[in-house]
Ligand SMILES: Nc1ncnc2c1ncn2[C@@H]1O[C@H](COP(=O)(O)OP(=O)(O)OP(=O)(O)O)[C@@H](O)[C@H]1O
Ligand SMILES: Cc1ncc(C[n+]2csc(CCO)c2C)c(N)n1
């Protein structure tokens, strides 16, 4: 069984250079309050995509993060490469503004069966980075807010189990740990933890084993309606997880 490593170094000011094969980051901004560390993610990402109304958030909220600079300068510096979605939430003034700056506008209003996040992930995978094994998609504004949207966002990471996709809010991150790998999660306690969880999704997880947690699992069954590992605590710098089912890994993000 192959071992996959994970780390949240994208939350650090500088990406490490000696940390195994470098990941290529793509940033997707959803239509929710932009987390405070968004400028950092933007710096680390090679491409920046807004999901429909996510463009309103970049336009409205990013200038406020740089109170001593001109809003127009900030808006030009933080120009999305593309805006994709069903375009029912982006404001006309925002659409016109970014179109004028040269942002690609991809209107998929005909598709009312997949979410804007799904459309953005498909675009990044198929049109921007086909067959890129070291791609990692960071998604801001994915958690908190409307529960149907949150579940839709979690469903997207389950729709693309072979892709690295990380859902972020100011408070926590979520990613999928596919069962076909064993997982080694490097914890950077300066930016994340100690609260964490391992959550089965969609089915019973028959056997899961972990190390590095306060309440480790030892070939333990988890299911909704029974045991689900929430309010767990990271105890070591490395957490390992192996399971016969795909699991969600979540860890708290520290406020500085
Ligand atoms: N309150 C929220 N909580 C979590 N994610 C959200 C929230 N609002 C929007 N999103 C995410 O941002 C994406 C773009 O938001 P937008 O408001 O443009 O969606 P939408 O398709 O118009 O949604 P709806 O028509 O259901 O209101 C959504 O697909 C969703 O992934
Ligand atoms: C069974 C079912 N439930 C809900 C929707 C609605 N829906 C799901 S994704 C989406 C696009 C949002 O931008 C919309 C409108 C559907 N099509 N099918």
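Every number here is computed from the coordinates shown, using simple stated rules; none is lab data. Here the structure is a predicted model, which means the values were calculated and not measured. Positions of Cβ are backbone-derived with ideal geometry, glycine not excepted, and every protein chain shown enters the neighbour counts.
List of remarks:
- Centre separation in Å (Cα based) which lies between the stretch 123-143 and the stretch 102-121: 14 Å
- The listed peptides 97-104, 113-120, ordered by packing as a protection proxy, come out as 113-120, 97-104 (highest mean of other Cβ atoms within 10 Å first).
- For the peptides 58-71, 230-243, 79-92, residues were scored by their other Cβ atoms within 10 Å and the scores averaged per peptide; the highest-first order is 79-92, 230-243, 58-71.
- The P(r) of the stretch 171-256 has a tail past 19 Å containing 30 percent of all C-alpha pairs.
- For peptides 40-46, 167-173, 128-134, sequence by mean Cβ density within 10 Å, most packed first: 167-173, 40-46, 128-134
- When 208, 9 are arranged by Cβ crowding within 10 Å, least crowded first, meaning fewest neighbours, the order is 9, 208.
- Whether the stretch 104-143 is rounded, prolate or oblate, judged on the alpha carbon gyration tensor where a/c under 1.5 counts as rounded: oblate
- For residue 128 and residue 60, the difference between the fully extended length at 0.36 nm per residue and the C-alpha to C-alpha distance is 21.8 nm.
- Helix 147-159 vs. the chain, principal-axis angle (Cα, 0 to 90°, nearest 10): 70 degrees
- Percent antiparallel among DSSP beta bridges (both partners in the chain, rounded to 5): 50 percent
- Footprinting exposure proxy for 179, 162 (fewest neighbouring C-beta atoms within 10 Å first): 162, 179
- Inter-part distance, the stretch 150-167 to the stretch 17-66, computed on C-alpha centroids, equals 17 Å.
- Cα-based helix-to-principal-axis angle, 92-101 vs the chain, degrees rounded to 10: 80 degrees
- For the chain, the normalised intensity computed at q = 0.12, 0.15 Å⁻¹ comes to -0.71, -1.08 (log10 of I(q)/I(0), Debye sum over alpha carbons, equal scatterers, no solvent).
- For the chain, the relative contact order works out to 19 percent when only alpha carbon pairs closer than 8 Å and six or more residues apart are counted.
- Taking all pairs of distinct alpha-carbon atoms in the stretch 22-170, Kirkwood radius in angstrom: 15.3 Å
- When each of 224, 147 is scored by the number of other beta-carbon atoms lying within 10 Å, the sequence from fewest to most is 147, 224.
- Computed [θ] at 222 nm, deg cm²/dmol, the chain (DSSP H ≥ 4; -39,500 (n - 2.57); rounded to nearest 500): -6000 deg cm²/dmol
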